[in-house]
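The values are calculated or read from the model by the stated rules, or taken from the named source; none is laboratory data. Because the structure is a prediction, the values reported are computed rather than measured. Glycine also receives a Cβ, built like all others from the backbone with ideal geometry; neighbour counts cover every protein chain displayed. Just the protein is used for accessible areas: all its heavy atoms, side chains included, with ligands, DNA and RNA removed. Shrake-Rupley method; radii C 1.70, N 1.55, O 1.52, S 1.80 Å.
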Amino acid sequence: MITLNSISHTFPGENEAALRDISLTLGDATVTALVGPNGSGKTTLMQILGGLMVPTSGSISIDGSQASADDLLTGSIMASSSRDLDDVPATILVQYARLRPTWDEALFAHYAERFDLRVNRKYVRKLSGGQAAILSASIALASGAPLTLLDEIQAPLDVPTRYALYEEILALAGECMEGKRPQRRFLISSHIVSELEKVAEDVIVLKKGELVAHESVDDFTARVTSVTGHASDVDGFLAAHPDLAVIASRELGSTREIVVDLRGASITDADLAAHSLSASPCSFQDAFAYLIQENDQ
């Protein structure tokens with residue numbers, strides 16, 4: 001169990017904090033999605049979890065014991081689509097990864113075959129963005145690191161390769177959940193929010209360095225609901241449920257559609273029928289977009 005206790009971080013020379021008082025626990029979920037708009041603090045949070053950066057304030061504990069940056073660094077691996085390792089030969093990257101006691105050579109060979117990886121002395125800068133990203137992802141997955149951080153690793157990949165990578169993540173996570181492999185946690189960030197719904201169990205939403213939500217994907221999707229009906233019926237419904245948080249509203253002639261956040265509230269089929277309204281849950285992507293919009297209002 002990894003717990004973040006009031007983590008905040010401000011980069012030198014900056015007035016605005018990149019992260020503000022983030023407290024959460026990465027519990028039993030094997031795969032967690034980390035989403036948020038540009039500048040929300042996703043990469044900063046990952047770098048802190050990976051021991052690559054020390055937060056300005058706050059602490060991180062693992063199974064109840066406070067963890068140092070070195071503890072986090074040795075227990076994690078971070079892969080991203082950035083080109084920070086362009087001046088390193090691909091063979092050196094793999095040789096370095098093999099030093100980990102948890103490295104799985106058979107697993108890496110599987111990824112090399114599936115993704116047609118040709119690991120040679122060619123510098124990473126000679127690889128395309130997609131080739132470099134899938135190499136980094138394959139190393140991270142085969143590393144056996146207890147905490148595997150994938151920061152926009154899928155961004156340069158074409159759709160078939162992205163989906164194949166998701167399949168491999170799910171297969172590996174499934175084996176960990178079934179006890180066939182040691183326990184691991186995967187934290188995946190992406191701007192392609194819709195694709196993470198079928199990959200992750202939990203979701204963390206950041207906006208402007210603050211925590212907007214941390215819950216299961218099912219709960220996250222269920223909490224944002226669209227309610228539609230005649231405008232006067234919607235008005236009556238809202239009057240009867242003053243606890244409902246309205247995220248968005250739009251008029252369609254005499255019909256009104258509202259989007260409500262059900263956290264801390266609930267509506268029943270009887271409530272809807274009494275006001276001649278219909279309701280439907282929003283998609284994962286729409287729930288994310290609406291909650292970010294609500295946070296701006």
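In table form, for the structure just shown:
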read-out	value
Cα gyration tensor of region 198-247 - equivalent ellipsoid semi-axes, whole Å, descending	29, 14, 9
Spherically averaged projected area of region 166-263 from its Cα convex hull (nm²)	8.8
Distance between modelled label sites at Val246 and Asn5, nm, 7 Å Cα→Cβ extension	4.3
Solvent accessible area, Å² - Ser81, 1.4 Å probe, full protein context	40
Relative packing of 99-106, 243-250, which averages over residues the other C-beta atoms within 10 Å, highest first	243-250, 99-106
Segments 203-211, 166-174 sorted - mean Cβ within 10 Å per residue, highest first	203-211, 166-174
Under 15 Å, Cβ to Cβ, from Leu52 - net charge with Lys/Arg +1 and Asp/Glu -1	-3
His214, His110, ranked by accessible area, largest first (probe 1.4 Å)	His110, His214
Once the Cα gyration tensor of the chain is diagonalised, semi-axes √(5λ) in Å	40, 21, 18
Neighbour net charge for Leu34 - beta-carbon separation under 11 angstrom, K R +1, D E -1	-2
Surface per residue (accessible, 1.4 Å probe) for the chain, Å²	48
Proximal charge balance of Ala171 [Cβ under 12 Å; K/R count +1, D/E count -1]	-1
Region 1-69: C-alpha gyration tensor shape, a/c 1.5 cut-off, then a/b vs b/c	oblate
Helix-only [θ]222 nm of the chain, DSSP H runs n ≥ 4, -39500 (n - 2.57) each, per residue, nearest 500	-10000 deg cm²/dmol
Inter-label distance for Glu16 and Arg125, nm, one decimal - labels placed 7 Å from Cα along Cα-to-Cβ	3.2
